[in-house]
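Participant: One structure follows; several queries about it will come next.
The values are calculated or read from the model by the stated rules, or taken from the named source; none is laboratory data. This is a predicted model, so every value here is computed, not measured. Every residue, glycine as well, gets a Cβ built from its backbone with ideal geometry; the counts of neighbours run over all protein chains shown.
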Amino acid sequence: MSDSLLASLIFLLSYAAIICFKHIKSQILWVGIGAGVLAGLIRTGSIFHDINWNVMGIFAGTLVLAEFFILSRVPAVLASYLVKRSSTVGSAFLGVCLLSSALSVFIENVAVVLIVAPIAFALARRINASPVPAIVGIAIASNLQGTATLIGDPPSMILANYQHMNFNDFFIYKGKPGIFFAVEVGAIGAVTFLYYYFRRYKGSADVVSEEKIRSLAPTFFILLMVVALTLSSLVDPDFRWFGGTATMGCALLCVIFCRFASTSEKRGLGARYDWATTMFLAGVFVMVGMLERAGVIDGFAHFLGRHIGTNPLVAFTAVVWGSVAFSSFVDNVPYLTAMIPVVQTMSRTMEVNIELLVFGLLIGACLGGNVTPVGASANVVATGMLRKNGYTISFWEFIKIGLPFTIIATLLGAGFVYVIWG
């Protein structure tokens, strides 16, 4: 059996197992890596070099800062303020979805759901209504805006690594509007959909208890991180080390100087930290390194090129909506990591702007996770919180909200990308 066929088999079997057993996906992925080592496709010495430590540093540091941001009670105060300013429960539901969107620009999506969802539960109890639509709205809104910046979600970090993009490049790239504006264009349509969906909730929104800020220090360190990432291109134009180092540095300073957090809260940070996702993200880099060395990615790119043809619009449409369909059911991190080199090769052979295909890939892969309750980690957490509170949501109930939200956001966001970069 050739190396490319064997590597493809290991990858596909690992992926299939991850789809079936999402709760142990990091363990499954590393078992697959072990199989690659035994098959001679992965050298133990290459594992360390395959992992992108700059991306890992940004991801890990952001998670630590998010934990202290939650403890500071600043997000809870913002949520309470939005609810008090809302005239009805429907507008309050929309408000907490907008807060979820805003926080996801800087904070990992799962953490955002944990921050904002309790407000929606309180509102729903007040009017004796189901919180299901609001909780779903919070999850999918966080997934949407997590795509907008370098630090919002792992797929954005991975894209930035491959394209050597810094924080600013998500806003203005090569003199043109970047991925941030494409996401915001899509968000306008998606939020409009949520506005009309929540209009049915007419009750008064006067239920949220008073919250007090414990400290503004975590907010300061998050802003410091953003400034550092904004200036990173001046120090590290190839996106190799500065972003991860600066983010981890800000996280360390936050741990040292945020004295408002009790000793027990700081000690509990290790237990609350998302080790599973961290190990999964590291494993993805190793698995994709195996596929690259075995020639799988180049072979797949040439296969797509032969069957899609040379029309840029056809290629762009296939990449975007194929990614939406695929990411509706499987994790977008390994998919996007494997596909970026594929579309890079396609852009060279078709002689089209690389930005057209990679930005379309990011939008499709990230927004596709909003279609189903298993398409993104935030969705899984949101549905789990509903179950714990005595509510059930079927697969199709989620799709009734997630699918139109995704179609609207993807059409507008991808359309913007094609107009700017096509």
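Participant: Check V381, V374, V333 and return the single one that is modelled with pLDDT under 90, within 16 Å of the chain's Cα centre (by Cα), part of a loop (DSSP other than H, G, I, E, B) and of a type outside the set (D, E, K, R).
Facilitator: Answer to the selection: V374.
Participant: In the stretch 67-99, which residues are closer than 30 Å to G270 by Cβ, in contact (Cβ under 8 Å) with a residue 40 or more places away in the chain and touching a Leu at 6+ places or on another chain (Cβ under 9 Å)? Let's see the steps before the verdict.
Facilitator: Keep residues of the stretch 67-99 that are closer than 30 Å to G270 by Cβ, which gives 67-80, 96, 99.
Next, from what is left, pick out any that are in contact (Cβ under 8 Å) with a residue 40 or more places away in the chain: 67-77, 79-80, 96.
Matches in the stretch 67-99: E67, F68, F69, I70, S72, V74, P75, A79, V96.
Participant: Give the residue that is surrounded by the fewest Cβ atoms within 10 Å (Cβ to Cβ), with candidates limited to residues of the stretch 250-280 that are basic (K, R) and in a helix (DSSP H, G or I). Walk me through it before giving the result.
Facilitator: From the stretch 250-280, those basic (K, R) are 259, 266-267, 272; that's our starting set.
Remaining after also requiring in a helix (DSSP H, G or I): 266-267, 272.
Details: K266: 16, R267: 10, R272: 15.
Selected residue: R267.
Participant: Please go through the stretch 190-219 and pick out each residue that is of a type in the set (A, V, I, L, M, F, W, C) and modelled with pLDDT of 70 or more.
Facilitator: The answer is A190, V191, F193, L194, F198, I213, L216, A217.
Participant: Say we look at the stretch 153-198 and pick out the residues that are more than 19 Å from A139 (Cα to Cα) and among the charged types (D, E, K, R); which of these is surrounded by the most Cβ atoms within 10 Å (Cβ to Cβ)?
Facilitator: For the stretch 153-198, the residue satisfying everything is D169.
Participant: Could you check S130 against (1) assigned to a helix (DSSP H, G or I); (2) at pLDDT below 85 and say which number it fails?
Facilitator: (1)
Participant: Filter the stretch 1-49 down to residues that are at pLDDT 85 or above and charged (D, E, K, R) and give me whichever is farthest from L291 (Cα to Cα).
Facilitator: R43
Participant: Report yes if T247 is within 21 Å of the chain's Cα centre (by Cα), within 16 Å of M165 (Cβ to Cβ) and surrounded by fewer than 18 Cβ atoms within 10 Å (Cβ to Cβ), otherwise no. Reasoning before the result, please.
Facilitator: Numbers: within 21 Å of the chain's Cα centre (by Cα): yes; within 16 Å of M165 (Cβ to Cβ): yes; surrounded by fewer than 18 Cβ atoms within 10 Å (Cβ to Cβ): no.
In short, no.
Participant: Among the residues in the stretch 346-353, are any outside any helix (DSSP H, G or I), of a type in the set (S, T, N, Q) and at pLDDT 85 or above? Break it down stepwise before answering.
Facilitator: Initially, the stretch 346-353 is screened for residues outside any helix (DSSP H, G or I), giving 351-353.
The next check asks that each one be of a type in the set (S, T, N, Q); those that pass are 353.
With at pLDDT 85 or above added as a condition, the list becomes 353.
Yes, the stretch 346-353 contains a residue that is outside any helix (DSSP H, G or I), of a type in the set (S, T, N, Q) and at pLDDT 85 or above.
Participant: Could you check, for the stretch 174-190, whether at least one of its residues is outside any helix (DSSP H, G or I) and of a type in the set (G, A, S)? Working first, answer last.
Facilitator: Restricting attention to the stretch 174-190, the residues satisfying the condition of being outside any helix (DSSP H, G or I) are 174-178.
Among the residues that remain, those that are also of a type in the set (G, A, S) are: 175, 178.
Checked the stretch 174-190: at least one residue is outside any helix (DSSP H, G or I) and of a type in the set (G, A, S).
Participant: Sticking with this structure for a sec: Among the candidates A365, A409, A378, which residue alone is surrounded by 20 or more Cβ atoms within 10 Å (Cβ to Cβ) and touching a Gly at 6+ places or on another chain (Cβ under 6 Å)? Lay out the reasoning, then the answer.
Facilitator: Details: A365 fails: touching a Gly at 6+ places or on another chain (Cβ under 6 Å); A378 fails: touching a Gly at 6+ places or on another chain (Cβ under 6 Å).
Selected residue: A409, the only one of A365, A409, A378 that is surrounded by 20 or more Cβ atoms within 10 Å (Cβ to Cβ) and touching a Gly at 6+ places or on another chain (Cβ under 6 Å).
Listed here are the residues, each with its yes/no results for (1) in contact with an Asp or Glu (Cβ under 7 Å, 6 or more places away or on another chain); (2) within 23 Å of Y418 (Cβ to Cβ); (3) among the basic types (K, R).
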{"site": "Q163", "(1), (2), (3)": "no, yes, no"}
{"site": "F167", "(1), (2), (3)": "no, no, no"}
{"site": "K176", "(1), (2), (3)": "no, yes, yes"}
{"site": "I179", "(1), (2), (3)": "no, yes, no"}
{"site": "V183", "(1), (2), (3)": "no, yes, no"}
{"site": "I188", "(1), (2), (3)": "no, yes, no"}
{"site": "L194", "(1), (2), (3)": "no, no, no"}
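Participant: Tell me the residue from P404, P373 that is surrounded by fewer than 20 Cβ atoms within 10 Å (Cβ to Cβ) and closer than 24 Å to S104 by Cα, please. Please lay out each step first, then the result.
Facilitator: Numbers: P373 fails: surrounded by fewer than 20 Cβ atoms within 10 Å (Cβ to Cβ).
So the residue among P404, P373 that is surrounded by fewer than 20 Cβ atoms within 10 Å (Cβ to Cβ) and closer than 24 Å to S104 by Cα is P404.
Participant: For the stretch 21-39, which residues satisfy the criterion of being free of Cβ contacts under 8 Å to residues at least 24 places away in the same chain and either outside any helix (DSSP H, G or I) or in contact with an Asp or Glu (Cβ under 9 Å, 6 or more places away or on another chain) (or both)?
Facilitator: F21
Participant: Let me ask another. Step by step: first the residues of the stretch 83-126, then only those that are of a type in the set (D, E, K, R) and either buried (at least 20 other Cβ atoms within 10 Å of the Cβ) or assigned to a helix (DSSP H, G or I) (or both), then the one that is modelled with the lowest pLDDT. Which residue is that? Before you say what the answer is, go through the steps one by one.
Facilitator: Of the residues in the stretch 83-126, the ones of a type in the set (D, E, K, R) are 84-85, 108, 125-126.
Now drop any that are not either buried (at least 20 other Cβ atoms within 10 Å of the Cβ) or assigned to a helix (DSSP H, G or I) (or both), which leaves 84, 108, 125-126.
Numbers: K84: 74, E108: 70, R125: 71, R126: 65.
My answer is R126.
Participant: Then there's this: Please enumerate the residues belonging to the stretch 217-244 that are surrounded by fewer than 21 Cβ atoms within 10 Å (Cβ to Cβ) and more than 23 Å from Y273 (Cβ to Cβ).
Facilitator: Hits for the stretch 217-244 are V227, T230, L231, S233, L234, V235, D236, P237, D238, R240.
Participant: Across the stretch 282-316, what is the number of residues that are free of Cβ contacts under 8 Å to residues at least 24 places away in the same chain and in a helix (DSSP H, G or I)? Please lay out each step first, then the result.
Facilitator: In the first step, residues of the stretch 282-316 are kept if they are free of Cβ contacts under 8 Å to residues at least 24 places away in the same chain; the result is 303, 306-307, 309, 311, 314.
Retained after the next criterion (residues that are in a helix (DSSP H, G or I)): 303, 306-307, 314.
Total meeting the criteria: 4.
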